Each structure stands twice: as structure tokens, then as C-alpha cells.
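Enquirer: My questions will all concern the structure given below.
The values are calculated or read from the model by the stated rules, or taken from the named source; none is laboratory data. Since this is a predicted model, take the numbers as computed values, not measurements. Note that we place each Cβ from the backbone using ideal geometry, even for glycine, and neighbour counts take in every protein chain shown.
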Amino acid sequence: MTIPMKIIGLLATLVILAIIPIYSMIEPEQQAQQLESFYTDAVVTSTDIYAENCAVCHGAAGEGIGDTPPLNSEGLRAMSENELIKVISRGRDNTIMAAWAVEEGGILSAAQIGDMVIFIQQANWEYVDARVNELGMTPPEVIEMEVSEEMLASLASLDGGDTLSLGLTTYAENCAACHGSNGAGTMIAPALDSANLRATPRDEILATVNNGVNGTLMASWQNILAPEEINATVELIYRWDEVLNSGIEFPEVEVMSISSTPEMIADGYDLFHIACKSCHGVDGYGSPMAPALNNQLFLEQTPDAAIYQIIAGGVSGTLMPAWGSRLSDYDLQSLVAYLRSLEATAPAILPPISEN
Ligand code: HEC
Ligand code: HEC
Ligand code: HEC
């Protein structure tokens, strides 16, 4: 084995000797060309990274989706390189914009993030759009979940109606996926329409909502919602029975047993590949950003309806976004069907050492 090593070493030396003089002879014009092709390479590679990791929230053409800002804007092109590196590396606290740098628990190297910044500043978004499409990564249509005007109008007629309206809007957007559409509770979170809770001092309930309950899905809301939104939601909690007895109709989140067909599993697989793979890994095996879902323990212990709720509601205070506002009921069901289809072959994975 020593002879080939020597040959390789010798070859390497020859190659270096050959390159140095040539390199130093390159004309400035050629150097400029090389620099240009370096930029082009960075943009091409970054386009694919963008398609796989960012398009699902920022849109196929960087146009932004729902509350997620566009990246194709003048404002962003004017943002300094350092600022862009910082936001992509570290993410933004208390939003679903994750930290992508490897040192921050993400999956992108410093070099990849540097390229991504060049890409954002120089991208031809029509080309990006076409490439995202070609890779099959175009995000599905956004569906907004809304509280109806009629409900708000009926609420307004009650005493303190404005506060109740704000409370209900806040509740529907942030709490209903776990606590149920009418405060009745679900498989994963307790009822909030309860005599016990109404007998609990306001300070205690406020503290629960503000601080969350460590080690459970109940996150801290104080940095996500405004104080008046939290106060209004707590006011609603005290008046649930009154509001329910006023005859206002609340939308039901259907608790269905989720059917599964080969078509749904295939659709769920495709959607997982678009929306979830960047964090949960290829085939759900997990990544530094998020736990494995292709995981016997998780699939055994979590019923379909609970998986549905977690995907729809997200896990607040973590990187897990709420998908209920951007995916249709069918999309969510197909994701559940796909994840469930993994159970038969899922590896046994130990639970994380500590949740908090
Ligand atoms: C899960 C959804 C999601 C994903 C995936 C995502 N982002 Fe974001 N991104 C957001 C949100 C939401 C914000 C706005 C955060 C805030 O409110 O400040 C944001 C903000 C940004 C900003 C700052 C925009 C501004 O106007 O201040 C940049 C730059 C950015 N993201 C780049 C990326 C890149 C690059 C990727 C892929 C590596 C990516 N994002 C992936 C949701 C996402
Ligand atoms: C991701 C699921 C989830 C979301 C979203 C969520 N919660 Fe919770 N919540 C829980 C769980 C789980 C508990 C039970 C925690 C425990 O075991 O003590 C809980 C407990 C509570 C309690 C205490 C109930 C009691 O009987 O002691 C209140 C109050 C509460 N949540 C209010 C809210 C409000 C208000 C929102 C929206 C701003 C919200 N929650 C959003 C999961 C959630
Ligand atoms: C930006 C990263 C990110 C994306 C994208 C993402 N997730 Fe998550 N997800 C997480 C994190 C982080 C957790 C763990 C949250 C926690 O600490 O409880 C999680 C948790 C979950 C859980 C609960 C797992 C458990 O063990 O309790 C499910 C189910 C889930 N995600 C499904 C999905 C699906 C389906 C998609 C695509 C539609 C998706 N996630 C996209 C980051 C992400």
C-alpha cells in the first residue's frame, strides 16, 4: 500500500506545481469570468436548496405565503449581507422561521448560507419558480381558517362583546386545534369550557397561558400573543358556558376516524416530501431540526386524530409550524395516512432524554 500512497503524493505535488504558475498567469478578464461563474454556481445550487427547504413557506417564486414574508422584494435585496446571514443562520425567535445554521441545530453550512444570501440578492425568481416546479416542490394552495362574520356579529351583541370577539378570534387561530372548536377539549388537550377552570383564580389561568406548562404541548404564549389577546381569551374561558348558551354556532372540528387508501398514502408521501422532509428527514427518519416520525413508539402511542391535530395545530414555541391554515382537510388526512402506513416497518427509536 505504500507505493500507491507515494504515487498519489507525487501526483498531488505535480498538480500543485502545474496549477500555481497557470493560475498566476490568468488575465484579469478571465478572473472576472471565473468570479461570475462562481456566482452562477452558487445560485444554481442554492436554487435547489431553496426548493427543498424554503419554498414551502416563502413560495415557489419567493412571493411569500400567508403570514410568511416574500423573499423577492426590493426591501430584502436592500438588506445587508450580514443581516441576511444572521436571520437565515439563527432564525427569528418566536416565529416559525427556524435557525438553519448547523451550529444552531440546523442543516446548512456557513458556505451554503453564504451562497443562499447571494442567491436571494440575485435570484431570477421566474427561473426559481420553474425549477421548484420541476423538482415537484411547489407548495399546495393556502386555505385560511376563519371565524365567520355571523359568529362575530352575534358575539358583539353580548355584554363585553368586543373582548369576546377578540378572544374567539385568538382562540380559533391559536388554541382550537388542541382544545377543540368549542372549548370541549380533544384527545391531546383538556377542555377549557369547564366549571373547574371557571372557579380557578384569573391570575392562575393567566400564568398558565403566559408561561405554558413545561414538558407538555401547552406552550408559553406571552411572546406570541399580545397581552390584550391573552386577556380576551381568558375572558372567553370564563364565559364559555354563557357564550355557548347564547345560541351562537361554533364550527366543529370533526373528529373522524381517518380512512386510508393507497391513493391517500401516495398523496401523503408526496406532500411529506414537499412540506415536512426538510425538518423530519427523508422518509420521516428525523434530522437535527426535528424528531423522527417514522418511529414505532410515536406511531403506536399516537392515535390518528391526535396526529391530525398536531400537524394542523403545530407545536407552539417549537419549530413545528401549524399547517391547519395552509393545508386542506384532505391534505392533513393524507399525511396521517402516510405516517400510519410507516408503522408496520418503523424502527424502534428511544424517546428524547428530556423534553425541557
Ligand atoms: C416553516 C416556514 C418557513 C421556512 C421553511 C423558512 N422560512 Fe424564512 N421566514 C418564515 C417566517 C414566518 C419569517 C418572518 C419571521 C418574522 O416574523 O420576523 C421568515 C423570515 C425570513 C427572512 C427575513 C425576511 C424579512 O423580510 O425580514 C429570510 C431572509 C428568510 N426567512 C429566509 C429563509 C430561507 C433562506 C429559508 C430556507 C433555508 C427559509 N427562510 C425557510 C418562515 C419560514
Ligand atoms: C399544541 C396543543 C395546545 C395548544 C395549541 C394550546 N394548548 Fe392549552 N393546553 C394544552 C395541553 C396539553 C394542556 C394540559 C397541560 C397539562 O398537562 O397541565 C393545556 C392546558 C391549558 C390550560 C390549563 C387547563 C386546566 O384545566 O388547567 C389552559 C387555561 C390553556 N391550556 C389555555 C390555552 C390557550 C388560551 C391556548 C391558545 C392561546 C392554548 N391553551 C393552546 C395544549 C395546547
Ligand atoms: C421547520 C421545521 C419543521 C417542519 C417543516 C415540520 N415540522 Fe413537524 N416538528 C418539528 C419539531 C421541531 C417537532 C418537535 C416539537 C416538540 O418539541 O414537541 C415536530 C413535531 C411533529 C410531530 C409530533 C411528533 C412527536 O413525537 O410528538 C408531528 C406528527 C409532526 N411534527 C408532523 C409534521 C408534518 C406532517 C410536517 C409537514 C406537513 C411537519 N411536521 C413539518 C419541526 C418541523
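Enquirer: Taking the conditions exactly as written (surrounded by fewer than 19 Cβ atoms within 10 Å (Cβ to Cβ) and either closer than 23 Å to residue 322 by Cα or β-branched (Val, Ile, Thr) (or both)), does residue 94 satisfy them or not? Walk me through it before giving the result.
Expert: Numbers: surrounded by fewer than 19 Cβ atoms within 10 Å (Cβ to Cβ): yes; either closer than 23 Å to residue 322 by Cα or β-branched (Val, Ile, Thr) (or both): yes.
Taking the combined requirement at face value, the residue satisfies it.
Enquirer: Just one of the numbered conditions (1) under 20 Å from residue 267 (Cβ atoms); (2) of a type in the set (Gly, Ala, Ser); (3) at pLDDT below 85 is not true of residue 334; which one?
Expert: Among (1) under 20 Å from residue 267 (Cβ atoms); (2) of a type in the set (Gly, Ala, Ser); (3) at pLDDT below 85, the lone unmet condition for residue 334 is (3).
Enquirer: Suppose we filter 99, 60 for residues that are at pLDDT 80 or above, part of a loop (DSSP other than H, G, I, E, B) and touching a Lys or Arg at 6+ places or on another chain (Cβ under 6 Å); which single one remains? Explain how you work it out, then say what you get.
Expert: Working: 60 fails: touching a Lys or Arg at 6+ places or on another chain (Cβ under 6 Å).
Within the list 99, 60, the selection yields 99.
Enquirer: Among what's in segment 284-307 and is of a type in the set (Ser, Thr, Tyr) and modelled with pLDDT of 85 or more, pick the residue that is nearest to the chain's Cα centre (by Cα). Working first, answer last.
Expert: Taking segment 284-307 first, the residues of a type in the set (Ser, Thr, Tyr) are 285, 287, 302.
From what's left, modelled with pLDDT of 85 or more: 285, 287.
Working: 285: 17, 287: 14 Å.
Only one residue tops the list, namely 287.
Enquirer: Take the residues in segment 280-305 that are among the aliphatic types (A, V, I, L, M) and buried (at least 17 other Cβ atoms within 10 Å of the Cβ); name whichever of them is farthest from residue 321 (Cα to Cα). Lay out the reasoning, then the answer.
Expert: Pass one, segment 280-305, residues among the aliphatic types (A, V, I, L, M): 282, 289-290, 292-293, 297, 299, 305.
Filter once more, so that each one left must be buried (at least 17 other Cβ atoms within 10 Å of the Cβ): 289-290, 292-293, 299, 305.
On the way: 289: 12, 290: 11, 292: 16, 293: 15, 299: 20, 305: 18 Å.
Among those residues, the one meeting the criterion is 299.
Enquirer: Next question. Among the residues of segment 294-316, how many are more than 8 Å from ligand 3 (Cβ to nearest atom) and not in a helix (DSSP H, G or I)? Write out each step before concluding.
Expert: To start, the set of residues in segment 294-316 that are more than 8 Å from ligand 3 (Cβ to nearest atom) comprises 294, 296-297, 299-301, 303-306, 308-309, 312-313, 316.
From what is left, the residues that are not in a helix (DSSP H, G or I) are 294, 303, 316.
So the count comes out to 3.
Enquirer: Let me ask another. Quick check on my filter: what residues within segment 132-164 are at pLDDT below 90, surrounded by 16 or more Cβ atoms within 10 Å (Cβ to Cβ) and part of a helix (DSSP H, G or I)?
Expert: Passing the criteria: 132, 151, 152, 154, 155.
The rows are residues; the columns are (1) in a loop (DSSP other than H, G, I, E, B); (2) out of contact with any strand residue (DSSP E or B) (no Cβ under 7 Å at 6 or more places or on another chain); (3) more than 13 Å from ligand 2 (Cβ to nearest atom); (4) farther than 24 Å from residue 189 by Cα.
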site: 263; (1), (2), (3), (4): no, yes, yes, yes
site: 292; (1), (2), (3), (4): yes, yes, yes, no
site: 323; (1), (2), (3), (4): yes, yes, no, no
site: 333; (1), (2), (3), (4): no, yes, yes, no
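Enquirer: Moving on. Out of the residues in segment 179-208 that are more than 16 Å from ligand 3 (Cβ to nearest atom) and under 22 Å from the mean Cα position of the chain (by Cα), which is modelled with the highest pLDDT? Walk me through it before giving the result.
Expert: We begin by selecting, within segment 179-208, every residue more than 16 Å from ligand 3 (Cβ to nearest atom); these are 179-185, 190-208.
Filter once more, keeping what is under 22 Å from the mean Cα position of the chain (by Cα): 179-180.
Values: 179: 79, 180: 73.
Filtering segment 179-208 for residues that are more than 16 Å from ligand 3 (Cβ to nearest atom) and under 22 Å from the mean Cα position of the chain (by Cα), the one modelled with the highest pLDDT comes out as 179.
Enquirer: Can you find a residue in segment 103-120 that is in contact (Cβ under 8 Å) with a residue 12 or more places away in the chain, over 20 Å from residue 275 (Cα atoms) and outside any helix (DSSP H, G or I)?
Expert: No, segment 103-120 contains no residue that is in contact (Cβ under 8 Å) with a residue 12 or more places away in the chain, over 20 Å from residue 275 (Cα atoms) and outside any helix (DSSP H, G or I).
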